[in-house]
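Below you'll find the structure, written out as structure tokens, and then a few comments.
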Amino acid sequence: MTDKKPTEILREEHENVLKKLDALEKVVSNLDKKAEISAELKELASFFKTDFWIHFAKEEEALFPEMENFIPREGGPTGIMLIEHEDLRATNEQIQGAVDEYLREIDNSKAREMIQEHGSHFIGLLREHINKEDSILFRMADMHLDRPQLDKIIKLFGDIEERYKRTQS
Ligand SMILES: [Fe+2]
């Protein structure tokens, strides 16, 4: 068991994601240099295809439901975060398809356009989203969640990690 609060764990994950977004932004602005950027693009696409979603699962399945004991989902901040999660999921699907095509095709001008368009939406939205969670949502969580709720969330985080590991092995 960790002594960290759930929001501390999620904040640390946000920092890692923000670094990945910086790297992605750089790669997306250099799509004309395919030989140079392919390896990094592949690695970043793989992160946003799999590992990244553990973080969303922790929020959606563990943190948000506990917060919804004191703030309603409908019209409240968790409801808004969930709408943004859906936008990010759909945008990521587009990016993944375009990255596959970009890496596969020699003439990849269409894929490049797609990566640029959906990539910049994804990067901008996710940065804003993280900022909102860090500065508003997690503060509310820190104010309201009691010890039993914190323990429950931490336990669920462990279950989610385990579940993810099983799908990877
Ligand atoms: Fe988050």
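Within region 60-85, the set of residues being farther than 20 Å from Phe157 by Cβ, among the β-branched types (Val, Ile, Thr) and at pLDDT 95 or above comprises Ile80, Ile83. Return the residues of region 89-112 that are surrounded by fewer than 18 Cβ atoms within 10 Å (Cβ to Cβ), hydrophobic (A, V, I, L, M, F, W, C) and under 22 Å from Glu59 (Cβ atoms); say none if nothing qualifies. Within region 89-112, Ala90 is the sole residue that qualifies.
How about region 57-103: which of its residues are more than 19 Å from Leu125 (Cβ to Cβ) and of a type in the set (Phe, Trp, Tyr)? Answer for region 57-103, where residues must be more than 19 Å from Leu125 (Cβ to Cβ) and of a type in the set (Phe, Trp, Tyr): Phe70, Tyr102. You will find that of Ile115, Ile83, the residue that is loosely packed, with under 13 Cβ neighbours inside 10 Å and of a type in the set (A, V, I, L, M, F, W, C) is Ile83 and no other. Considering each residue of region 47-59 in turn, none proves to be touching a Leu at 6+ places or on another chain (Cβ under 9 Å), away from the ligand (no atom under 15 Å from the Cβ) and farther than 16 Å from Lys132 by Cα. One residue stands out among those in region 10-56 that are surrounded by fewer than 17 Cβ atoms within 10 Å (Cβ to Cβ) and aliphatic (A, V, I, L, M): the one that is farthest from Leu137 (Cα to Cα), which is Ala35.
Quick one: in region 137-165, which of the residues that are under 17 Å from the mean Cα position of the chain (by Cα) and aliphatic (A, V, I, L, M) is surrounded by the most Cβ atoms within 10 Å (Cβ to Cβ)? Per the stated criteria, the residue is Leu137. Tallying residues that are assigned to a loop (DSSP other than H, G, I, E, B) and closer than 13 Å to Tyr164 by Cβ within region 35-75 yields 2. Restricted to region 76-169, the set of helices (runs of 4 or more DSSP H) holding at least 1 residues that are touching a helix residue (DSSP H, G or I) at 6+ places or on another chain (Cβ under 6 Å) and free of Cβ contacts under 8 Å to residues at least 24 places away in the same chain comprises 77-104, 109-132.
The values are calculated or read from the model by the stated rules, or taken from the named source; none is laboratory data. This structure is a prediction, so every number in the text was calculated from the model and none was measured. Positions of Cβ are generated from backbone atoms using ideal geometry, with glycine treated the same way; all protein chains shown enter the neighbour counts.
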